[in-house]
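The structure appears below as structure tokens.
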Amino acid sequence: MNTAATRPGTILLRVGLLILLLVVSTWGAHEIRDALNLQVRPDNEQQVHRAITLGAVAYIGLLALPFVPGAEIGLAMLAGFGAAIAPLIYVCTVASMTLAFIVGRFLPIRALERLLSLLRLRRAAALVARAAPLSGDDRLAMLLQGQSGSVLRFALRHRYIALALAVNTPGNSIIGGGGGIMMLAGLSGIFSPVFTLLTVALAVSPVPFAVAFFGLRL
């Protein structure tokens with residue numbers, strides 16, 4: 001007998017709400033990006049300050065959401081305000097990625113199992129079910145079993161390098177974007193918070209640092 005949580009209508013409603021949230025968030029990101037296309041003049045200083053504040057807050061929140069192109073807001077701010085805004089963009093990017101990771105740490109891993117089951121990815125769902133009761137180290141050991149010599153084994157052993165590459169990969173929005181990747185990293189339980197923060201701090205630094213120190217224009 002189906003419970004209310006597993007009825008097809010309930011599942012479809014939840015998926016529909018999730019899609020609606022992503023669509024609205026994506027639309028909001030584009031609107032905010034366009035609103036940041038300002039010319040800095042003596043008579044609009046307050047408007048510019050409000051735009052920067054709004055852009056920074058929206059950037060942190062939207063970038064942390066999976067599949068939402070929040071990075072466009074940061075790029076728009078860098079393009080519009082140049083080197084002066086680069087340190088703020090860097091801090092906001094690290095804060096957003098850290099926020100997504102923390103959210104992932106507090107999400108129940110059973111939620112991932114249910115999502116995979118909903119998508120009919122039964123083998124992946126079974127793997128998550130086996131990993132759910134294990135500690136982070138035991139989960140990593142389980143994932144490494146049977147992966148001798150494989151690319152996956154290499155990526156797991158060098159998971160922080162793999163995480164940095166995934167966050168910086170162009171077009172990563174199709175696998176969840178920076179927020180989705182960091183949320184999944186937190187959910188997995190195999191990443192240390194301290195090393196993850198250091199990894200993110202290094203991984204997201206090239207663009208804002210290039211703008212700040214070399215005057216790169218986007």
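What follows draws every value from the coordinates through simple rules; no lab data is involved. This is a predicted model, so every value here is computed, not measured. Positions of Cβ are backbone-derived with ideal geometry, glycine not excepted, and every protein chain shown enters the neighbour counts.
Couple of notes before you dig in:
- Sequence of Y160, Y59, Y90 once ranked by neighbouring C-beta atoms within 10 Å, starting from the fewest: Y160, Y90, Y59
- The alpha carbon centroids of region 89-115 and region 150-179 are separated by 15 Å.
- Maximal additional length on extending the A84-L54 stretch stands at 9.1 nm, based on 0.36 nm per residue less the C-alpha distance.
- By the beta-carbon count within 10 Å of each Cβ, the least crowded to most crowded order of V128, V57, fewest first, is V57, V128.
- Proxy reagent accessibility, fewest Cβ within 10 Å first, across F154, F101, F67: F154, F67, F101
- Relative contact order for region 163-218: 36 percent, from Cα pairs under 8 Å spaced at least 6 residues apart, divided by residue count.
- Region 55-127 shape via C-alpha gyration tensor axes, a/c threshold 1.5: prolate
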